[in-house]
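Asks: First the structure, then my questions, so here it is.
The values are calculated or read from the model by the stated rules, or taken from the named source; none is laboratory data. Keep in mind the model is a prediction, meaning the values are calculated, not measured. Counting neighbours? That spans all protein chains shown, and the Cβs are built from the backbone with ideal geometry, glycine included. For accessibility, only protein heavy atoms count, side chains too; no ligands or nucleic acids. Shrake-Rupley method; radii C 1.70, N 1.55, O 1.52, S 1.80 Å.
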Amino acid sequence: MGPTVINGIPAHVLFVHVVVVLVPLTALALVVCAVRPDLARRFGIALPVLAVVTLVSVPLTTHAGEWLEHHVDRDPLVRRHTELGDGLLPWTLGLFALAVALWWMQRRTRTASPADAIAAADGERSGTGGRGALKAVAVVLSLVLGAGAVVQTYRIGDSGAQAAWHDNFSTTRTPETGGR
């Protein structure tokens with residue numbers, strides 16, 4: 001599915017940084033675009049493109065992580081990290097679906113007639129009408145999906161750090177060996 005080793009280093013260790021940056025960035029962009037449709041119009045196709053890159057990065061990272069899991073000692077912390085990692089894909093799929101929906105909605109609004117645009121703007125200001133309700137649903141969904149994706153990313157990263165670093169360092173400074 002993708003590379004498992006890059007320049008002698010397990011690819012998972014490198015790919016995880018992409019996920020850690022893109023998931024919160026996508027979640028933030030999604031919330032901003034849901035709250036401010038004028039910014040969604042400015043983002044244009046960039047929001048769904050960002051979301052699809054985020055979505056693709058997750059199975060790529062998971063695949064490399066599964067390869068790595070079979071090349072390290074069996075450990076309950078590694079198993080826990082792997083289980084949590086499998087739970088991120090549905091969140092990023094939701095982010096992608098909502099990003100596409102927001103993009104599609106802003107495109108439809110842009111192609112509406114001037115009279116429709118004025119009526120929609122009046123409906124958004126007064127909180128009435130279908131567009132106001134759609135905006136409210138988009139805001140709530142973006143907050144739920146964004147928070148869920150970011151929290152899951154944090155949980156996965158924390159469990160990965162625990163798996164990688166438990167018993168692998170000393171809390172006291174090691175003696176210097178000279179030669180510096």
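Asks: Of all residues in the stretch 156-180, how many are open to solvent by 90 Å² or more (accessible area, probe 1.4 Å) and either among the β-branched types (Val, Ile, Thr) or under 30 Å from residue 86 (Cβ atoms) (or both)?
Replies: 9
Asks: Let me ask something else. Checking the structure you have, find out if any residue of the stretch 94-109 is open to solvent by less than 80 Å² (accessible area, probe 1.4 Å) and modelled with pLDDT under 80.
Replies: yes
Asks: For residues that are outside any helix (DSSP H, G or I) and free of Cβ contacts under 8 Å to residues at least 60 places away in the same chain, scanning just the stretch 7-39, find the one that is surrounded by the most Cβ atoms within 10 Å (Cβ to Cβ).
Replies: So, considering only residues that are outside any helix (DSSP H, G or I) and free of Cβ contacts under 8 Å to residues at least 60 places away in the same chain, the one surrounded by the most Cβ atoms within 10 Å (Cβ to Cβ) is 36.
Asks: Would you pick out the residues in the stretch 56-95 that are among the β-branched types (Val, Ile, Thr) and closer than 12 Å to residue 163 by Cα?
Replies: 72, 78, 82
Asks: Could you check residue 12 against (1) touching an Asp or Glu at 6+ places or on another chain (Cβ under 9 Å); (2) at pLDDT 95 or above; (3) within 30 Å of residue 132 (Cβ to Cβ); (4) of a type outside the set (Asp, Glu) and say which number it fails?
Replies: Unmet condition: (3).
Asks: Separate question: Could you list, in sequence order, the residues of the stretch 40-65 that are at pLDDT below 95, surrounded by 13 or more Cβ atoms within 10 Å (Cβ to Cβ) and out of contact with any helix residue (DSSP H, G or I) (no Cβ under 7 Å at 6 or more places or on another chain)?
Replies: 44
Asks: I would also like to ask the following. Out of (1) free of Cβ contacts under 8 Å to residues at least 24 places away in the same chain; (2) open to solvent by 60 Å² or more (accessible area, probe 1.4 Å); (3) in a helix (DSSP H, G or I), what's the single condition that is false for residue 74?
Replies: (3)
Asks: Any chance the stretch 110-117 includes a residue that's in a helix (DSSP H, G or I), at pLDDT 70 or above and within 29 Å of residue 53 (Cβ to Cβ)?
Replies: For the stretch 110-117, residues in a helix (DSSP H, G or I), at pLDDT 70 or above and within 29 Å of residue 53 (Cβ to Cβ): absent.
Asks: Still on this structure, please answer the following. Looking only at the stretch 132-162, which residues are touching a Lys or Arg at 6+ places or on another chain (Cβ under 9 Å) and within 14 Å of residue 16 (Cα to Cα)?
Replies: 159
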